[in-house]
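One structure is given here, and the rest of the page talks about it.
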Amino acid sequence: MKRIQDGIPGKLIAWMLLFCAVFMGASCGLKALQAAPYLGGESYQDTGQFRNLLREYRNQIAEAFALDQELEQADLTYVERQQIMERMQQLEQSLDPSATNFRFVVRSAGGKVVTSNLEEGTILADQVQEINYAFFILGEFFTSDAGEAYAAESSIPPGLSENTTSPGKTSQEKTVYTVECGVPSMDQLGTVQDDFAQISYRYYQTNYCFSQWLIIAGVCLAAAAAALFFILWAAGHKAGIEGIVSTWQESIFFDLYLMVMVIAGTALFALGWYLLGFFYSYVVERPQLEPEYGWLSAAVAAVCVLFAAVIALTLRTLAVRLKAHTLARTTLLCRVLVWLWRRLVQAGRWVLELIRSLPFLWKTVAGFLAYFLCNTVLFNEARYNALAGAVWWLLNLAVLLLLCWWAMGFRKLRRGSQAIAAGNLSHQIDTHHMPHNLRCHADDLNNISLGMAEAVGEQMKSERFKAELITNVSHDLKTPLTSIINYVDLLKTTGQTDPKALEYIEVLDRKSQRLKKLTEDLVEASKASTGVLSVNREKIGMAQLIDQALGEWTEKLEDRKLTVVTALPEGETWVYADGRHLWRVIDNLLSNCAKYAMEGTRVYLDLNRGHGQVTLSVKNISREPLNVPPEQLMERFVRGEESRTTEGSGLGLSIARSLTELQGGTFDLTVDGDLFKAIVSLPQAN
Amino acid sequence: MTHTILICDDDRDIVSALDIYLTSEGYQTVKAYNGREALRAVEQNDIHLILMDIMMPELDGIRTTAKLREDNNIPIILLTAKSEDADKILGLNIGADDYITKPFNPLEVIARVKSQLRRYTSLGGAEKGPGLLSVGPIAMDDGAKQVTVDGAPVSLTPIEYNILKLLLSHPGQVFSSAQIYEQVWNDPAYGSENTVAVHIRHLREKIEINPAEPRYLKVVWGLGYKMEKE
């Protein structure tokens, strides 16, 4: 397939085939055209040619009668008489039965036979296929058709009697003759080779061959189309070269090429049309026996071939350009348009850039002034001009739409910044269809939120990493700690009596217990602050929880001589929280009281609800002066006193705050003199 | 009869400390330092209880437990430095009977060992009957008004007894302080139910080995108390 497409012989054959097919097709078409007038009817006598010829012969009879009448006039010169005689002789020869198949009978007005070229004893009806009736007026050179009916009556045609044969005029002056004439049918035609015989022959040939000519012409056209298709298919392919090969023809601009080809095509078409007209008048309409005008049909076919060549060449180069995708590039008009478009875009960009680089304030002022000017002018104009009125409306509508566009963009921006401000750092403002200035602003905001989200993510990651580290270290600490605690315990059972040794053992015991507490708190604090703890929030009764917590702590607090005063609202107060975590919060707060509250004071537990919030405050009087601000108290490892001798780890408040925040609540501390107050707020549940 | 206990931990000091405690309590011990050795020791000796660490080289405690449980029902107590709930639940689901978090109190270890051994050796435990209530090691004979934990009698005050009876007869159900007060005191609760919490704490101290980390009488924070279903 590829080889056929690439090969030169195939292309040559295709071109030859195209030309031959077009030539033959055109020739056959002309033959068919030539035959077309003979088509139709039941016999050759129905054709126009036959009628024309019959009329010619009829007129010869009328002419002969007219000449005969002229001869009777006495005042003719000899030359004139000779000329008339000569013509008479010609006519007689032409109408002689031996020279023609034309048969006729001329009758006078009375129905009497005046003359005839029939043989003796024969009648016209037997001789001819169809009798043609006509009449002529003596002295005139032509006949007129007459109907069969009145001819049979052998009377003067009705029209004639009224118009030309007026009463009072003698019939001698206007003698009317009736002509009955005809030609034998095709089978009965004699051996005489006259025009009738020719027409008959042509008719026979035509009826026999017309369809053949047409079929051949059709086949030739199909072959030409196939050849053209092959040419287009193979165009641009060359043996040994991949892709599409352009020839010198493709280096000409396509529109110029097309223009030349259209001119050539038009010229060829005109020439062809002229020749065809010539052909039609000489060959088709008036069938001349000699010469055949063969050269004429050849010329028309040749013009057709040239025309086909023009079309094929144009299509071929178009096909090559389309295949190589170079049509637009090799079209002058396209290039010019592209160039113009680029200039236009450049200019548009330049103008846009200019507008953009203007300060925003200037733009606003300039825009408003332009609008104001247009508005004023149009408004004044609108009083006289309806069109200006319509434009005024449209202008104001456009300005309104512009303002709406701005307002919508602004609203989007506002919502986006609200979302980001509320902490949703993953929020990205949709900058589609936003005015330029707003879009710049929105992009900046998006970048800020992205950067912040990244920073927060980084921080979270590092916090989590820290928590993991602390957990792992704590695990590793626990194993040796277990041994220390156990062996200290075992040491106690060894029956030491040395008071010093017993004291040392006691220190070891205390410190190892403290170490145990510290590692546990450390893990919990790091977990709580990094949020790796799972939180199962459910409906929790605060009064119940406080009751349970006090149940755990009452005795320890009483040991410290602390009195707990609770103030709870009527009924149960529900919150959404994780019971275990919330217990740890209250546990830590009460533990704090037990550790740091001054002995003999009261501890106040107040529970309040309202505005969707539940607050629990724990107040106590510190034993030591609180010389650190409350913010610092919540920091890890910070305790109410400087000496670190007491049992606390300094993580309790930090853990309490982290756990409260994990549950969606807030944790606040206030210090007023020695009054220490912790407030836990949680969302209320219904 | 002396019981043989397998101690398995990769830290030799912990193993010998445990060995000292258990030997002083009159138990025989077998030592192992990783999961494989533990499996071998179980094959070679008549072991009645296993104390096993979770984080060990070669074969960790969870896998070893799973392997042992394929054809054995020796009580297993896991020792773990991991204090997360998920690890405990995994250990218990895989077939361990109890767990102790490191650093542990030697007394707690002894108590849990005793408890497990009593449950393992007392065949069938307390038989069920009218007036007999039990959850885990806690058994109550309502007729005799007697409560035992692992067979050892516990003395309770009447209020503690009644609270325990209420919770034991509805294992798994959470009772708020007010409900408990109304049922036990037969009085409507008018804010005087905070005594319930104190009673429950005392009760917990009497029947739980580690009252700070109860296994049976649990505090459901913010809702009430319940007896764990077995």
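Quick look at the values:
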| item | result |
| --- | --- |
| Gain upon complete extension [A:Q249, A:A99; 0.36 nm per residue less C-alpha separation] | 47.6 nm |
| Cα-based helix-to-principal-axis angle, B:106-121 vs chain B, degrees rounded to 10 | 90 degrees |
| Packing-based exposure ordering (other Cβ within 10 Å, fewest first) of B:L49, B:L22 | B:L22, B:L49 |
| Qualifying trypsin sites (Lys or Arg not before Pro) in segment B:137-230, DSSP loop, other Cβ atoms within 10 Å at most 11 | B:K229 |
| Packing-based ranking, highest mean first, of B:27-34, A:86-93 given that Cβ atoms within 10 Å are counted | B:27-34, A:86-93 |
| Two-site FRET efficiency, A:C334 against A:N437, from Cβ-Cβ distance with R₀ of 30 Å, rounded to 0.05 | 0.20 |
| Length added when fully stretched, A:E86-A:W341, from 0.36 nm per residue minus Cα-Cα | 83.3 nm |
| ³J(HN,Hα), Karplus 6.51/-1.76/1.60, whole Hz, each residue of segment A:194-206, x for Gly, Pro | 10, 5, 4, 4, 4, 4, 4, 4, 4, 4, 4, 4, 4 |
| Violating pairs (Cα-Cα greater than 26 angstrom) within the set A:K466/B:K88; B:K88/B:K114; A:K466/B:K102 | none |
| Top of B:A17, B:A144, B:A66 by mean-square fluctuation, Gaussian network on chain B, Cα under 10 Å | B:A144 |
| Gyration tensor verdict on segment A:51-112 (Cα atoms; rounded if a/c is under 1.5, prolate if a/b is larger than b/c, oblate otherwise) | oblate |
| Rounded, prolate or oblate (a/c below 1.5 giving rounded, otherwise prolate when a/b exceeds b/c) for segment B:4-121 by Cα gyration tensor | rounded |
| Pair A:S185, A:A407: separation of 7 Å Cα→Cβ label points (nm) | 9.9 nm |
| Pairwise centroid distance, computed over Cα atoms, of segment B:192-229 with segment A:412-451, Å | 54 Å |
| Aspartates and glutamates whose Cα lies under 18 Å from that of A:K363, excluding same-chain neighbours fewer than 8 positions away | A:E353 |
| Debye, to nearest 20: dipole size of chain A, +1 on Lys, Arg Cβ, -1 on Asp, Glu Cβ | 4220 debye |
| Highest-MSF residue in chain B out of B:N162, B:N73, B:N194 [GNM, Cα springs under 10 Å] | B:N194 |
| Ranked A:M634, A:M16, criterion: other C-beta atoms within 10 Å, fewest first | A:M16, A:M634 |
| Dipole of the protein assembly as shown, positive direction: furthest Cα of A:T191, A:F23, A:L358, with charges on the beta-carbon | A:L358 |
| Of all DSSP beta bridges in the protein assembly as shown, antiparallel share, percent nearest 5 | 75 percent |
| Acute angle (nearest 10 degrees) that the helix A:542-559 long axis makes with the longest principal axis of chain A, alpha-carbon atoms | 20 degrees |
| Rounded to whole Å, sorted largest first: equivalent-ellipsoid semi-axes of chain A, Cα gyration tensor | 132, 35, 28 |
| Added length on full extension, which subtracts the Cα-Cα distance from 0.36 nm per residue, A:Q459 to A:D145 | 101.2 nm |
| With Cα atoms, 0 to 90° folded angle of helix A:48-72 axis to chain A main axis | 30 degrees |
| Neighbour-count ranking [beta-carbon atoms within 10 angstrom, fewest first] of A:S108, A:S200 | A:S108, A:S200 |
| Distance between modelled label sites at A:R415 and A:D430, nm, 7 Å Cα→Cβ extension | 0.8 nm |
| Computed E for A:E555/A:R602 - FRET, C-beta separation, R0 25 angstrom, nearest 0.05 | 0.90 |
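Each reported figure results from applying straightforward, stated rules to the coordinates on display, with no laboratory input. In this text the structure is predicted, and so the values were computed from the model without any measurement. Glycine also receives a Cβ, built like all others from the backbone with ideal geometry; neighbour counts cover every protein chain displayed.
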